[in-house]
Amino acid sequence: MQEAQFDALHRTMADEVYRFAARRTSHATAEEVTAEVFMALWTGRHKIPEPPDEQRAWVFGVARRQLLRAQAAEERHRTIGARVRAALGVGAPVVEEDVALDVLETHAARRLWDQLPVRDQEVLALTAWEGLTPAQVAAVLGVSITAVTTRLHRARRHLADLQQSPHEDTAGDRS
């Protein structure tokens with residue numbers, strides 16, 4: 001991939017990658033993930049497929065892996081911070097909540113979303129929010145198209161069931 005093609009890919013996909021990450025983590029981490037995605041893409045630009053629809057799926061696959069790495073790093077930092085605070089006998093830091101997160105948490109759709117298992121959230125987000133086809137989702141997740149369509153069917157059915165019984169809280173069962 002030539003530099004001009006990469007620039008076009010960046011212009012086309014940077015906002016989408018940021019939104020993909022921002023729906024799953026903090027805005028600061030989403031910015032870092034977006035930068036890491038395009039650094040990784042630039043480094044491995046010779047591997048990026050030529051057809052635009054394949055490029056899109058490829059980019060989301062890289063974004064997903066970078067996001068998982070960032071989330072794992074955040075979890076390690078939280079764990080280390082908790083251990084250090086425990087060793088020093090200091091309580092958890094007081095952090096002001098993000099107002100936008102408060103609004104999302106009170107919204108009925110967010111409550112339903114939070115009750116869905118992560119696996120359902122992932123397949124629904126990639127198809128509904130990111131607009132990927134089942135074939136592209138399969139490429140991102142590293143599974144077959146049949147697995148994606150099955151997961152999508154089950155996720156939609158699960159969401160419909162949750163809408164029928166909105167008072168049931170299954171957030172603890174996030175397999």
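Tabulated values for the structure
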item	result
Under the Karplus curve 6.51 cos²θ - 1.76 cosθ + 1.60, θ = phi - 60°, whole-Hz ³J(HN,Hα) for the range 148-162, x wherever Gly or Pro sits	5, 5, 5, 4, 5, 4, 5, 5, 5, 5, 4, 4, 4, 4, 5
Peptides ranked, highest mean first, by Cβ atoms within 10 Å: ranges 115-122, 40-47, 53-60	53-60, 115-122, 40-47
Tensor-based shape of the range 1-84 (alpha-carbon gyration tensor, a/c under 1.5 rounded, otherwise prolate or oblate)	prolate
In nm, spacing of pseudo-spin labels at THR146 and LEU68 (7 Å Cα→C-beta vector)	2.3
Derived scalar couplings ³J(HN,Hα) [the range 69-75; Karplus, 6.51 cos²θ - 1.76 cosθ + 1.60; whole Hz; x for Gly, Pro]	5, 5, 5, 5, 5, 4, 5
Fewest-first ranking of MET39, MET13, MET1, using other Cβ atoms within 10 Å as the exposure measure	MET39, MET1, MET13
Gain upon complete extension [ALA4, ALA28; 0.36 nm per residue less C-alpha separation]	5.9 nm
Approximate spin-label separation THR43-ASP114, in nm, with each point projected 7 Å along Cα-to-Cβ	3.6
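Computed from the coordinates by the stated procedures, all read-outs in this text should not be read as laboratory data. What you are looking at is a predicted structure, and each value in this text was computed from that prediction instead of being measured. Please note: Cβ atoms are built from the backbone with ideal geometry, for glycine as well, and neighbour counts cover all protein chains shown.
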